[in-house]
Amino acid sequence: MSREIVLDTETTGIEPSEGHRVIEIAAIELVNLLPTGRHFHTLLNPERDIPADASRIHGMTSKDVENAPLFAQQVDAWLDFMADAPIIAHNAPFDFMHLDAELKRIGRPALPAARMIDTLALAKKRFPGMPNSLDALCRRFDIDLSERSTHNALLDVKLLAKVYLELRGGRQPGLTLASNTTGPVLVTEARGERTPRPIAVPAEAEAAHAAFLAKLKDPLWLKLESLS
């Protein structure tokens with residue numbers, strides 16, 4: 001069983017070094033590339049204001065998170081859900097940078113960089129020189145974007161799970177062979193005994209054929225007949 005976690009965060013801004021904080025964490029579980037239905041989601045009180053520029057991106061204001069729990073209050077539940085699975089994110093270094101800053105703030109170790117799977121890097125490798133935002137990839141893979149008016153983290157991870165499946169080669173659930181199939185599948189058709197059905201050639205057709213051969217010089221057909 002291959003377990004992976006698709007993760008997204010929303011923040012008050014770009015740089016943690018400038019005091020910006022995480023205000024939302026969303027994560028969903030994949031097993032063998034497909035969502036299991038298990039997820040983790042929480043809003044977080046950043047203990048600071050949310051600038052208007054950030055609100056225009058994710059649609060959240062300080063009022064939306066003023067009664068949310070602190071990161072320290074949710075960290076154990078979040079880490080338990082993540083366990084030791086690889087972490088898939090779009091522009092993953094950004095999410096890791098902010099989460100590591102939150103972890104450092106409460107004296108917890110950073111997330112191991114080896115767990116990071118960056119779908120932005122995967123997309124750039126597959127589609128060099130093309131737009132590779134989450135929106136652009138959804139449109140390219142014909143994934144429904146009708147609900148995505150802002151960068152809501154929980155919706156984004158659901159979309160990203162579909163994009164990740166496509167980036168890994170694409171697979172339609174239910175169209176794969178049973179998991180216990182260990183060898184090639186041989187499809188055979190039962191056949192009964194066949195009765196020979198000789199084709200009768202009319203005498204006039206045989207005569208016309210013989211007359212045609214008589215006009216040819218050393219015809220190949222007569223050599224073949226002599227060998228048979």
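The values are calculated or read from the model by the stated rules, or taken from the named source; none is laboratory data. No experiment lies behind these values; they were computed from the predicted model shown. Cβ atoms come from the backbone with ideal geometry, glycine included; neighbour counts cover every protein chain shown. These accessible areas exclude ligands, DNA and RNA; they are computed on the full protein's heavy atoms, side chains included. Shrake-Rupley method; radii C 1.70, N 1.55, O 1.52, S 1.80 Å.
Listed values, structure above:
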read-out: Coil-residue trypsin sites (Lys or Arg not before Pro) of region 27-122, DSSP, other Cβ within 10 Å capped at 16; value: R48
read-out: Qualifying aspartates and glutamates (Cα of each under 17 Å from Cα of K104; at least 8 residues distant if same chain); value: E15, E18, E47, D76, D95
read-out: Global geometry of region 1-140, whether rounded, prolate or oblate, following the gyration tensor of its Cα atoms and the 1.5 cut on a/c; value: oblate
read-out: Contour excess over end-to-end distance, with Cα ends at E47 and A110 and 0.36 nm allotted per residue; value: 20.6 nm
read-out: Portion, in percent, of the accessible area of region 43-106 that falls on carbon or sulfur, probe 1.4 Å; value: 51 percent
read-out: 1.4 Å probe accessible area per residue over region 1-159, in Å²; value: 51 Å²
